[in-house]
1. On a C-alpha basis, how far is the centre of the stretch 211-253 from the centre of the stretch 270-342 in Å? Whole number, if you could?
2. Can you work out the accessible area per residue across the chain, with the rest of the protein chains kept in place, probe 1.4 Å, in square angstrom?
3. Show that you can apply the helix-only estimate: for the chain, add -39,500 (n - 2.57) for every DSSP H stretch of four or more residues, divide by all residues, and state [θ] at 222 nm to the nearest 500.
4. When you count, for each residue, the other Cβ atoms within 10 Å and take the mean per peptide, how do 323-334, 60-71 rank with the highest first?
5. Using DSSP, restrict attention to beta bridges with both residues in the chain and report what percent are antiparallel, rounded to the nearest 5.
6. Tilt of helix 311-324 relative to the longest C-alpha principal axis of the chain, in degrees (0 to 90, nearest 10)?
7. Using the Cα centre as the reference, give the magnitude of the dipole from point charges on the C-beta atoms of the stretch 155-249 (Lys, Arg: +1; Asp, Glu: -1; all else neutral), rounded to the nearest 20 debye.
8. Say the dipole of the chain comes from +1 at the beta carbon of Lys and Arg and -1 at that of Asp and Glu; which of PRO134, GLN310, TYR144 then lies farthest toward its positive end?
Amino acid sequence: MSGASPTPVAGETALDTEFHAEAPLVSVIIPTYNVGEFIGETLRSVLGQQGVRNFEVLLVDDRSTDDTVAQAQAAAGSDPRLRVLHNTGPQGAAGARNHGLARANGEWVAFLDGDDLWMPHNLRLKLAAAATAPDIDIVSSDFYNENRANRTVPRAEWPTLRQSLLPTWQRHVGPPSDGSSRVLRLDNLTQRFLSDEVLGNTGTFMLRRRAVQALGGFDTTLAVGEDVYLWLQLSQRAGQMLFVHRPLMFYRHRPGSLTNQDYPAHAFFAARFYAQLAAAPEFAGQLGLIRQRQAGAWLSQSYYYRKQGQRCLALQTAWASWRHAPSRSEQCRNLLATAFMR
């Protein structure tokens, strides 16, 4: 991969900046649906951002039936930066985010789900990084991913959940640092995102609003992965991003939610998502990488069905995996093993 080594653009001292302005620099959009158990803590983590106050928070509720809205309205009564909006009918997270985008005033937009948390310096560090690179439209960061533990984890254990501990991240951003806020400029984004993982999460991206609106926001017609689809669209157009190598968001584990389902749900999700991507003309140039990811998703499903003793389904998915990557030895071995399983 050309330009595979990330370029440092700023150190800790370059990020000690406070921002004050009348117009909001950032519009924070929080879609909610029945997150009354968590929304109070989520809002405190956003409204309590340190070193920057000139941002607005647009909470867009998708017809919650619990006390989510009541808690949000109470918080808005004591902090005018928070506005509570309502979808006219169930639209899902994508529709709620688009509603927020239509009402946003900030130069930048950031998103956070109603059960996740920001670290206190999230906006300050990302805005300071962006100030060093006016050509950049995408800023992301490391984060704590509780979903990796598949359980609720006490705060003292959060450092073990840094996403940058994963090899698929370290190939692009290097190992975690010693507590500094190193900033990297990364190129070849689409290739990076498709070869390994998108280097961020819905709650870690800070994006120029004009770039998101130019794409029409989140595609509500997609069955799955509308957020990842948007990050890939942006990567096609931007080419480069800034990455703050410090965990600035906490991604909560919630049993039963789509992104927190146990294996093999993620493999089923991935197969559907990459099928959508393969059919999109704008990603025709990345079809080779997409087919490899499809092959990996089918392979995971085949392993699962073999373990469950479901030979017919195991063979179907093994064949699909081999068909998408016929030259890869793992797919060939699995197809043979599945064909002769008893």
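The values are calculated or read from the model by the stated rules, or taken from the named source; none is laboratory data. Computed from a predicted structure; not experimentally measured. Here the Cβ positions follow ideal geometry from the backbone for every residue, glycine too, while neighbour counts run over all protein chains shown. SASA here: full protein model, heavy atoms, side chains in, ligands and nucleic acids out. Shrake-Rupley method; radii C 1.70, N 1.55, O 1.52, S 1.80 Å.
1. If we compute the Cα centre of each part, the gap is 25 Å.
2. That works out to 44 Å² for each residue.
3. Value at 222 nm, helices only, nearest 500: -12000 deg cm²/dmol.
4. 60-71, 323-334
5. Within the chain, antiparallel bridges account for around 40 percent of the total.
6. Value to nearest ten degrees: 70.
7. Computed charge dipole of the stretch 155-249: roughly 400 debye.
8. Result: GLN310.
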